[in-house]
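Worksheet for the structure shown next.
The values are calculated or read from the model by the stated rules, or taken from the named source; none is laboratory data. Bear in mind the structure is a predicted one, so any value in this text is a computation, not a measurement. Ideal geometry is used to build each Cβ from the backbone, glycine not excepted, and the neighbour counts take in all protein chains shown. Accessible surface areas use protein heavy atoms only, side chains included; no ligands, DNA or RNA. Shrake-Rupley method; radii C 1.70, N 1.55, O 1.52, S 1.80 Å.
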Amino acid sequence: ARDVAGSATFLDRETLETFAYADVNRILRQVPGVTLQEEDGFGLRPNIGIRGSGSDRAGRIAVMEDGVLIAPAPYAAPAAYYFPRMARMSGVEVVKGPAAIKYGPLTTGGALQFFSTAVPDAEGRLGGQAELLGGSYGGLRAHGVLGGWADSAGPVQVGGMIEGLFERSDGFKDLDSGGSTGFEINDAVFKVALRTTPGAAMPQAFELKHQRYDEVS
């Protein structure tokens with residue numbers, strides 16, 4: 001952090017698991033300089049600004065997942081109408097000032113990056129985790145991860161992972177028309193990853209990820 005030309009905040013996996021928030025607004029309240037405007041109460045379509053940049057659908061900051069911009073057209077239509085679910089994230093990075101320039105277009109206020117669940121570090125076998133949470137207003141979250149790295153005597157290791165997330169709620173508001181104010185989300189992620197073996201002079205990692213996201217609101 002001392003080498004960053006500006007300011008940076010990183011929330012690691014342990015910090016995210018402290019309260020297990022699924023709402024990105026609650027998580028980002030831990031970061032100084034971030035302004036938030038609630039829209040639906042669940043963090044489905046957050047409005048995020050940094051240092052007064054304007055918060056309308058996070059259109060004035062660069063929002064990324066694993067280094068990839070999530071906006072469909074970052075230059076022409078930067079508003080984040082899709083937003084990744086925080087239950088799948090293992091880290092959050094907020095960069096402000098000159099340090100955000102390298103992250104691409106519309107870094108007026110800064111850059112926000114999410115790090116998805118990594119391939120379980122289980123060499124030669126499968127590893128993973130599962131969680132099931134329930135709450136008021138019909139709230140339910142089911143999240144599971146299964147994967148690992150294959151044994152390899154060569155310079156490259158191959159790994160894979162499958163991840164599933166299901167979230168739903170009946171909503172906490174009552175409409176005069178009787179319509180639903182809740183949501184239901186199905187999120188599936190498949191990863192194939194390659195990395196140099198541990199102890200290599202220059203360890204590198206890159207991955208191929210396929211994600212399917214269905215939302216009913």
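Listed by position, the strands (runs of 3 or more DSSP E) enclosed by region 87-140 that each have at least 2 residues that are among the β-branched types (Val, Ile, Thr) and modelled with pLDDT of 90 or more are 89-96.
Scanning region 7-36 for residues that are open to solvent by 50 Å² or more (accessible area, probe 1.4 Å) and not β-branched (Val, Ile, Thr) yields Phe10, Asp12, Arg13, Glu14, Glu17, Phe19, Tyr21, Arg26, Arg29, Gln30, Pro32, Leu36.
The condition of being at pLDDT below 90 and surrounded by fewer than 19 Cβ atoms within 10 Å (Cβ to Cβ) holds for only one of Ala77, Ala71, that being Ala77.
Scanning region 181-196 for residues that are assigned to a loop (DSSP other than H, G, I, E, B) and in contact (Cβ under 8 Å) with a residue 24 or more places away in the chain yields a single hit, Gly182.
Yes/no matrix, rows are residues, columns are (1) loosely packed, with under 13 Cβ neighbours inside 10 Å; (2) without any contact (Cβ under 8 Å) to a residue 24 or more places away in the chain; (3) of a type outside the set (Phe, Trp, Tyr):
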site	(1), (2), (3)
Phe114	no, no, no
Leu132	yes, yes, yes
Asp151	yes, no, yes
Gln157	no, no, yes
Glu163	no, no, yes
Phe166	no, no, no
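Yes or no: region 169-177 includes at least one residue that is in contact with a Pro (Cβ under 9 Å, 6 or more places away or on another chain), outside any loop (DSSP other than H, G, I, E, B) and either on the phi < 0 side of the Ramachandran plot or surrounded by 14 or more Cβ atoms within 10 Å (Cβ to Cβ) (or both). Checked region 169-177: no residue is in contact with a Pro (Cβ under 9 Å, 6 or more places away or on another chain), outside any loop (DSSP other than H, G, I, E, B) and either on the phi < 0 side of the Ramachandran plot or surrounded by 14 or more Cβ atoms within 10 Å (Cβ to Cβ) (or both).
Among the residues of region 48-58, the ones that are farther than 15 Å from Pro32 by Cα, open to solvent by less than 10 Å² (accessible area, probe 1.4 Å) and not hydrophobic (A, V, I, L, M, F, W, C) come to 0 in all.
Gly159 falls short on exactly one of the conditions (1) outside any strand (DSSP E or B); (2) at negative phi; (3) at pLDDT below 90, and that condition is (1).
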